[in-house]
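Right, one structure below, let's go through it.
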Amino acid sequence: MILAGGEGRRLNILSAKRAKPAVPFGGKYRIIDFCLSNCVNSGIYCVGVLTQYNPRSLHEHIRIGKDWDLDRLNGGVFLLQPFISDADTDWYRGTADAIYQSLRFIRNRDPELVLILSGDHVYTMNYRHMIEFHKKKRADLTLAVIQVPIEEAHRFGIITVGSEGEVTRFEEKPKNPQSNLVNMGIYVFNRKVLEEEVEKEALREGTSFDFGRDIIPRMIQNKRVFTFPFTGYWKDVGTIDSYWEANMELLGEESPLKFKEINWPIYTPVTDRPPVKFGRDAQVENCIIGEGAIINGKVSQSIIFNGVYVSEGVRIEGSILMNDCYIGSNSQLERVILDKGVIIGEGSRIGGGTELNINKKYPDVLWSGITIIGKNSRIPSGCEIGKNCIIGADVDENDFPSFMIPSGETIEKPSMEV
């Protein structure tokens, strides 16, 4: 069961028109591709994807699951959404509520164990190893855990373990974590125990109906709850900084994600695009370039998705350009993330300058110098946009108060505020 209904507010405009697991990644993929590929590579072929927030993009991406070999008579992929009926159903209130509202789907398939995954993390993992560990420990619940830098630990559930790997304490996203061992959002439950726990939670007054806040802390008091240590690459790309960093890490000499692993491929829908074309003056250094891209300028240390057009005289550095963006001649982009279909007018300067102000409207989103531009926006020719700026989705030339946007400013359509 893949939890894929998250809104992802810390990704700001990148998740304004799509669920967080549907955000593009790595020049070709969507974030949810990693969970789906891990499942089929682990021999798990019955997958429920629980969607809620802006699900259209995710549904169009997954469809019937053919690209992951999940278009099957027995098993397959099932897109599950909340619904309102005469029964006790409503929009998902939390992660555990999503499972509670999907109990009929689970019972109809009658599994012994249920694997629950967060659909918004980037990693490769053989879930079979964790399942065998769970059986060996005769656990009611097993959580995958990993060590992260202590300065990032406050974003996660913090776990304390005993001598046998049993969970002795669980604290969800504390302000001052005492440990850097964190919950990865990967759970193996005994099916009967899972049913019992979510049904019990449904009757409790004032619950947030969340695994981390409600169910796991209670279970460690009277159930067998163990940790499965994971030492591979795992990235929560839930913030602009972590999303940018995870993409840039793919460009390292030793990329943490082995996309070319024969025995562990990452699957995604294939598009029929023409080959990449490099113009006579093109210069490309240490980049990922997607299919159908046309490069006539200088691009370095960047992720270029399918169908991007880079005109003559352009300089792009440390940036992520999603599908079908157009960069006008003699423009410069530095540490910029462009969502799909963005058009940059000629002679524009995006993300440059020496001024570095935290974004005024969203100070908890942009502070490190990255500028983001939303889907299908049009930047006028000759425009200068500083660091830590946000240009919302569908913005056009008429929305700009001037062609000089200082560091830390935001321009949005009124209906697109996030």
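The values are calculated or read from the model by the stated rules, or taken from the named source; none is laboratory data. Quick caveat, the model's predicted, so the values are computed rather than measured. Here the Cβ positions follow ideal geometry from the backbone for every residue, glycine too, while neighbour counts run over all protein chains shown.
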Within region 151-169, residues closer than 23 Å to residue 239 by Cα and of a type outside the set (A, V, I, L, M) come out as 151, 152, 154, 155, 156, 157
Go through the residues of region 246-264 one by one and say whether even a single one is surrounded by 15 or more Cβ atoms within 10 Å (Cβ to Cβ), in contact with a Ser or Thr (Cβ under 7 Å, 6 or more places away or on another chain), farther than 14 Å from residue 27 by Cα and not assigned by TED's automatic domain parsing to the domain that holds residue 69. yes
Inspect all residues belonging to region 100-109 and state whether any of them is part of a helix (DSSP H, G or I), touching a Cys at 6+ places or on another chain (Cβ under 8 Å) and assigned by TED's automatic domain parsing to the domain that holds residue 29.
yes
So the strands (runs of 3 or more DSSP E) completely within region 301-418 holding 2 or more residues that are closer than 25 Å to residue 9 by Cβ and out of contact with any helix residue (DSSP H, G or I) (no Cβ under 9 Å at 6 or more places or on another chain) are 336-338
Among the residues in region 274-297, are any surrounded by 19 or more Cβ atoms within 10 Å (Cβ to Cβ), in contact (Cβ under 8 Å) with a residue 24 or more places away in the chain and more than 20 Å from residue 246 (Cα to Cα)? yes
Subset of region 35-79, residues closer than 20 Å to residue 121 by Cα, without any contact (Cβ under 8 Å) to a residue 40 or more places away in the chain, buried (at least 21 other Cβ atoms within 10 Å of the Cβ) and not β-branched (Val, Ile, Thr), comes to 65
Within region 356-404, of all residues that are more than 18 Å from residue 414 (Cα to Cα) and among the aromatic types (Phe, Trp, Tyr), the one surrounded by the fewest Cβ atoms within 10 Å (Cβ to Cβ) is 403
| field | Flag for residue 368 being of a type in the set (Gly, Ala, Ser), at pLDDT below 95 and under 26 Å from the mean Cα position of the chain (by Cα) | value | no
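A quick yes/no check of all residues on (1) farther than 23 Å from residue 403 by Cα; (2) out of contact with any strand residue (DSSP E or B) (no Cβ under 8 Å at 6 or more places or on another chain):
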site: 266; (1), (2): yes, no
site: 271; (1), (2): yes, yes
site: 275; (1), (2): yes, yes
site: 304; (1), (2): yes, no
site: 316; (1), (2): no, no
All-but-one check, residue 219 against (1) aliphatic (A, V, I, L, M); (2) at pLDDT below 95; (3) touching a helix residue (DSSP H, G or I) at 6+ places or on another chain (Cβ under 9 Å), failing number (2)
Of 173, 192, the only residue that is in contact with a helix residue (DSSP H, G or I) (Cβ under 9 Å, 6 or more places away or on another chain) and in the same structural domain as residue 38 (by TED's automatic domain parsing) is 173
Could you say whether any residue in region 238-261 is outside any loop (DSSP other than H, G, I, E, B) and more than 20 Å from residue 321 (Cβ to Cβ)?
no
Condition first: surrounded by 15 or more Cβ atoms within 10 Å (Cβ to Cβ), acidic (Asp, Glu) and free of Cβ contacts under 8 Å to residues at least 24 places away in the same chain. Can you find one or more residues in region 223-238 that meet it? no
